[in-house]
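First up is the structure itself, then whatever we jot down about it.
What follows draws every value from the coordinates through simple rules; no lab data is involved. Small disclaimer: the values here were computed from a predicted structure and weren't measured. Note that we place each Cβ from the backbone using ideal geometry, even for glycine, and neighbour counts take in every protein chain shown.
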Amino acid sequence: MWSSQSSSMLREPEAVVDRVRFVIFTGANERAVIAICRHFRRNGIACSLIARPGTDLLRKTRFAGWIEAVRGVDWLDVDDMLAALARIKALHLGEQLIFLPTAESIIRLVLDQREAFEAAGLEVPLIDKSLYERVSDKASFLELMAEVGMPVPPRIDRVVANDLPVVAKPFHEVSPRSGRKLYPELIFTEQALEAFLASDVIEDYFFQRYLDGRSYYFLAFFPRTGEPTVRYQENLLQQPNGKSMLAARLCECPDVRSEERLIRGFQSVRFFGFVMVELIEVNGLFHLIEANPRLWGPFELAIKAGFRPEAIAGEAHHELGSRRALYFWTSGLALSLFAGGRPRRYPQYLRKLISRPFALLGADIYLRLDTLCLLGHELGNAFLLAYSRLRRRVVKDAL
């Protein structure tokens, strides 16, 4: 079985609207955007991209032709984004434009200025801003799910060297003091802890115990009414400092009780839309880590599992999909290694990857005809990083 909810699906509408067009603001979370574009191309679904100025990586793919507008400035400006949206609307008069949520900072801005975007003709099929922040922000989401009995990593009020390793997590995705976007920090050494405690962001963070166990993603789509569709992936390899997943596989529900609690927690606040929740299992106990209420990085694996991004607008039903698919990001691994980082390897990682090396390469997100240029670009950057590190080492040894 996939999960206790795996058989639930969205009902297919009686008539598919021909004039629906999805709109994606690019420049971040490229792997999810590419997975969505591939799915839309296979199924003849209309999509327009609004690119980031400068080096938007989508320009290095065959989906560059889907870029129909470019933002004028390389930061998030409401008027600039509305002007780009107006260009899309002028190109597709009479079509219904629907926003797809792929990047955290853009989602927050669109929700903050929802009335302006909807008045400009962009439908925003998302929950309201306050609920989105409650689910997306680390501290408030942990509190929400703790209320329905989900275990969370132990919190440390006054962290000292004996507590290492620890995870520093931001209370909010964006600091209310500085407006800076914040990321979790994994702290393993006493020197790193001292530096973090002395930094100017310390008031924006809380500490939890670092958990070393098997990692899973709870993948879900909650319709506005009815039961959710749920799938799972097991994570095998991750970029340093808790960044993007490099290798993963679909799996069956690892813990029915956790699934029931998560569904109850989301439904208690009337959440709808896509969400991914990370869980870490230690000695049979599943701990809640965080949630991403958007289309996540390895979304191509979710599509293989039967998820359909157009379901956000009621344009399709989810399917059963594959149960054994793999996901791999070769150039992401190379970038991490050649920058001197040490990817996080989860339990049973070596056995699973070594046993299916060709299948893993075949599952690479960029080893496809439509993204070969992007793959070459990232591998080239990885080799430049390696060369730069080697050169610095040679210079240092010569002094």
Restricting the search to segment 109-130, which residues are in a helix (DSSP H, G or I), buried (at least 19 other Cβ atoms within 10 Å of the Cβ) and under 20 Å from the mean Cα position of the chain (by Cα)? 110, 111
Given the conditions (1) touching a residue at least 60 places away in the same chain (Cβ under 8 Å); (2) touching a helix residue (DSSP H, G or I) at 6+ places or on another chain (Cβ under 7 Å), and given that residue 153 satisfies all but one, which numbered condition is not satisfied? (2)
Check on residue 139, surrounded by fewer than 16 Cβ atoms within 10 Å (Cβ to Cβ) and either over 19 Å from residue 272 (Cα atoms) or within 21 Å of the chain's Cα centre (by Cα) (or both): yes
State all residues of segment 98-124 that are charged (D, E, K, R) and farther than 21 Å from residue 299 by Cβ; if no residue qualifies, say none. 112, 114, 115, 118
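Working only within segment 52-72, note down all residues that are in a loop (DSSP other than H, G, I, E, B) and either within 24 Å of the chain's Cα centre (by Cα) or crowded, with 18+ Cβ neighbours inside 10 Å (or both).
52, 53, 54, 55, 56, 61, 71
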Residue 278 versus (1) farther than 20 Å from residue 106 by Cβ; (2) over 11 Å from the mean Cα position of the chain (by Cα): which is the lone unmet condition? (2)
Out of 224, 249, sole residue that is closer than 30 Å to residue 330 by Cα, out of contact with any Ser or Thr (no Cβ under 9 Å at 6 or more places or on another chain) and touching a residue at least 40 places away in the same chain (Cβ under 8 Å): 249
Complete set of residues in segment 162-186 that are surrounded by fewer than 16 Cβ atoms within 10 Å (Cβ to Cβ) and of a type in the set (S, T, N, Q): 162, 178
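If I filter segment 80-98 down to residues being out of contact with any helix residue (DSSP H, G or I) (no Cβ under 6 Å at 6 or more places or on another chain) and assigned to a strand (DSSP E or B), which single residue comes out as nearest to residue 52 (Cα to Cα)?
The extreme case among them is 97.
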